[in-house]
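The values are calculated or read from the model by the stated rules, or taken from the named source; none is laboratory data. Bear in mind the structure is a predicted one, so any value in this text is a computation, not a measurement. For neighbour counting, all protein chains shown are included, and Cβ atoms are generated from backbone atoms with ideal geometry for every residue, glycine included. Accessible surface areas use protein heavy atoms only, side chains included; no ligands, DNA or RNA. Shrake-Rupley method; radii C 1.70, N 1.55, O 1.52, S 1.80 Å.
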Amino acid sequence: MAPGSRCCLLLLLLLLLGVLGAPALGDPGPLEDVVIDRYYIPKICLREAQMGDFIRYHYNGTFKDGKKFDSSYDRGATVAGVVGVGRLITGMDRGLQGMCVNERRHLIVPPHLGYGSIGVAGLIPPDATLYFDVVMLDIWNKNDKLQITTLSKPERCNRTVENSDFVRYHYNGTLLDGTPFDSSYSKGSTYDTYVGTGWLIKGMDQGLLGMCAGEKRSIIIPPFLAYGEKGYGTVIPPQASLVFSVLLVDFHNPKDGVFVEHLEVPASCKRRAVTGDFVRYHYNGTLMDGTLFDSSYSRNETYNTYIGKGYIIPGMDQGLQGVCVGEQRRVVIPPHLAYGENGAGKHKIPGSAVLIFDVHIIDFHNPADPVEIETVFRPEGCNVTTRDRDFVRYHYNCSLLDGTRLFSSCVPRAFPSISALSPLQFSTFIKTQVAEGKGRLMPSSDPEKVIADMFRNQDRNQDGKITPDELKLKSDEDQEKIHEEL
């Protein structure tokens, strides 16, 4: 065998003996430094523990034979302290640096980096090598600030949260390692409170500022802006960072008044509604997060009431002042001008809820209003005018105040020149007139039903067709009958 081959074979045998535990080149001697085994590293690591950081962790401490000498789990409390400044044994100080939250490490600490030749009376013998199994739960620093991440934000945001606002929000609260400690969702109700007045922990007071209704945020709060060294009950340990996932549902200020947004105002507005007027209007009522709680459209009838007399909530009494017929406006009402702290409607309107009404004014009048007469045409040389008890013949168009056409004695100018109209032809004609803006159907009604009713009323002989003769005035027909009898 060649000398080189014998050398390689000898080296291989020594390596095998070392792996099998047989005496090789002798005991390598005591460890010079802590041995670190990072056996679990989380995929996301926002920061690593550095010298001077405050940390919270759990551990089990054992000797080489597996006998336990200490455990934070057995005490039911995590360990909190500053890393890298000599407050821990040197091996632990070194072994914890660079750890991520939720990372797990196995540390082997030699005696000179543990308790040395003295040990700990009754607990750790002299010159003992220590084995620690550690999981990192929290990392923070006195220089840390609030960490706010906007997760989603609505496109429309007229106002954001300010100090002294009253807010309603949902939240999930966890520790930095993801352990949940509280949730408003599990209680089935929002958390309702004032911002910036000391009712919340400092971090939440700051973290809610500038939010829009409907916005979602993640807020990470260091312990000195949360519950600090004392923690809170059994759910939040001392020196714990808190993570809140927040959805702002609603907010207002006790000083807020009614906010009116004009969505559509007709070009012509002869009169605006005032206190004492009787108003007919359609509306959709929503909460600030868009939840629909009521709608007149769903009932297929307008809401009819007097305004300014206390028949409706104060905010709507104010919000309908000055409307024009046909106007569409949005009325935002704070809770103290709506249903207050108690809410209404079997939980449809929660307590302290801001209400948003999208309103369409159909009609209004005042019981003291006189009949309004406007002469649109008067022939020249009119020497004779009507008097009481005169018999008159006239054509008319009857519509609602918003222009919705109800009845007409006149044959429309655009009426098709057909000897008789079928239901389908009549329906097509009416829909065309509406599409061209030459007429309107009664609001919030089924167009097909309205058109069918119109056809049935005009089809006087009920033969399924409408002829020009059937479009005559009823008075004309009666007059023809009189002449025939004469």
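Annotations
- Stretchable slack from residue 35 to residue 267, in nm (0.36 nm times residue separation minus alpha-carbon distance): 75.3 nm
- Residue by residue, segment 173-181 carries 3J(HN,Hα) couplings of x, 10, 6, 5, 8, x, 5, x, 10 Hz when phi is fed to the Karplus relation 6.51 cos²θ - 1.76 cosθ + 1.60 (θ = phi - 60°); x denotes Gly or Pro.
- Here segment 199-323 yields Rg over Rh of 1.20, to two decimals, using C-alpha coordinates and the Kirkwood radius.
- Counting only lysines at least 8 places from residue 449 when in the same chain, those with an alpha carbon closer than 25 Å to its own are 431, 438, 465, 472, 474.
- Between residue 179 and residue 133, residue separation times 0.36 nm minus the direct Cα-Cα distance comes to 14.6 nm.
- On Cα atoms only, tilt of 447-458 relative to the major axis of the chain in degrees: 10
- Relative contact order %, segment 35-140, counting alpha carbon pairs below 8 Å whose residues are six or more apart: 37
- Charge dipole magnitude, Cβ of K and R +1, D and E -1 - the chain, Cα centre, debye nearest 20: 900
- Entry comment: accessible area of the chain is 60 Å² per residue, from protein heavy atoms only and a probe of 1.4 Å.
- Zone residues, segment 253-280, relative to residue 368, backbone N less than 18 Å from point 7 Å out along Cα-to-Cβ: 271-279
- Selection of trypsin sites (Lys or Arg not before Pro), segment 337-410, meeting DSSP coil and at most 16 other Cβ within 10 Å: 346, 348, 387, 389, 393
- Computed over protein heavy atoms with a 1.4 Å probe, the carbon and sulfur contribution to the accessible area of segment 344-404 reaches 51%.
- Listed values (i) 23.6; (ii) 28.4; (iii) 31.3 include one computed from this model; for Kirkwood radius over Cα pairs in Å that value carries the label (iii).
- Counting only heavy atoms of the protein chains and using a 1.4 Å probe, residue 59 has close to 20 Å² of accessible surface.
- Largest to smallest accessible area among 151, 400, 107, 46 [probe 1.4 Å]: 46, 151, 400, 107
- Diffusion constant of segment 147-252 at 25 °C, which comes from Stokes-Einstein with the Kirkwood Cα-pair radius and 0.890 mPa s, µm²/s: 176
- Structure-based [θ]222 nm, the chain - -39500 (n - 2.57) summed over DSSP H runs of at least 4, per residue, nearest 500: -5000 deg cm²/dmol
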